[in-house]
1. What residue, among those in segment 31-82 that are buried (at least 16 other Cβ atoms within 10 Å of the Cβ) and on the phi > 0 side of the Ramachandran plot, is modelled with the lowest pLDDT?
2. Scan segment 108-131 residue by residue and report those that are over 24 Å from residue 219 (Cα atoms) and surrounded by 14 or more Cβ atoms within 10 Å (Cβ to Cβ).
3. Do we find a residue being modelled with pLDDT of 85 or more and farther than 29 Å from residue 86 by Cβ anywhere in segment 211-232?
4. Output the number of the condition that residue 105 fails; it satisfies all remaining conditions of (1) surrounded by 14 or more Cβ atoms within 10 Å (Cβ to Cβ); (2) in contact (Cβ under 8 Å) with a residue 40 or more places away in the chain.
5. Residues that are buried (at least 17 other Cβ atoms within 10 Å of the Cβ) and part of a strand (DSSP E or B): does segment 149-169 have at least one?
6. Report, by residue number, each residue of segment 34-55 that is under 25 Å from residue 141 (Cβ atoms) and within 13 Å of the chain's Cα centre (by Cα).
7. Mind checking which residues of segment 199-210 are modelled with pLDDT of 60 or more and either over 14 Å from residue 33 (Cβ atoms) or more than 18 Å from the chain's Cα centre (by Cα) (or both)?
8. Please go through segment 56-103 and give me each residue that is in a loop (DSSP other than H, G, I, E, B), over 18 Å from residue 136 (Cβ atoms) and within 21 Å of the chain's Cα centre (by Cα), ordered by number.
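The values are calculated or read from the model by the stated rules, or taken from the named source; none is laboratory data. Predicted model, so just to flag it, every value in this text is computed and none were measured. Here the Cβ positions follow ideal geometry from the backbone for every residue, glycine too, while neighbour counts run over all protein chains shown.
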């Protein structure tokens, strides 16, 4: 490869890179701070990169008699089976092709999707956020960066009570009962093991302040590099 061919290859790689999407997985326990991390990433790149978010919760299966029977009378919403991972994969592949994807809104009060729809637009950075963000291998393989948000069980329970009572019409008693019966066992079995697949583990205990600013700075800097990263670099021409 001569110098001219080398330059042309570099140019081609740069052009190809403009259409590439950087998928970022953000996983962690329920109410661990995943949404806070996602918001920080979006705000940081708001002036330089387009960012869209795909929330795992939007891909819950609708409640049905079949599902109730499968879980012996009471559905465990913290079991990965409750997520339609094939529909999630379809969404991500569509976004990877730089096309918009339409999702039906999920109503937690009735445990099913509504007729209301919203659009996820293609972007330079796609954040896949949820408790099972990189649980499945076929989803995990799309992600250039995987972040696990680490938070103690006590802090997560406190945040979950506040969120579910305020936003989902739950009682404190029902939230605590569900946490003990389903959430904690599912965290230990399905969610915590994902930490082994993470490139970065972010401690996130404080509810009101950014408690790990140095890690956040490293995070956004690395994502910035990913968003700019070109394809495979051509072999440097040998000097004659």
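1. Result: 31.
2. 108, 111, 112, 113
3. No.
4. The failed condition is (1).
5. Pass one, segment 149-169, residues buried (at least 17 other Cβ atoms within 10 Å of the Cβ): 149-151, 155-157, 159-161, 164.
Add one more test, that the residue is part of a strand (DSSP E or B), and what stays is 149-150.
Scanning segment 149-169 turns up at least one residue that is buried (at least 17 other Cβ atoms within 10 Å of the Cβ) and part of a strand (DSSP E or B).
6. 34, 35, 37, 38, 41, 42, 51, 52, 53, 54, 55 - these are the residues of segment 34-55 that are under 25 Å from residue 141 (Cβ atoms) and within 13 Å of the chain's Cα centre (by Cα).
7. Of the residues in segment 199-210, the ones modelled with pLDDT of 60 or more are 199-206.
Once the filter is applied, which keeps residues that are modelled with pLDDT of 60 or more and either over 14 Å from residue 33 (Cβ atoms) or more than 18 Å from the chain's Cα centre (by Cα) (or both), segment 199-210 yields 199, 205, 206.
8. 62, 97, 98, 99, 100
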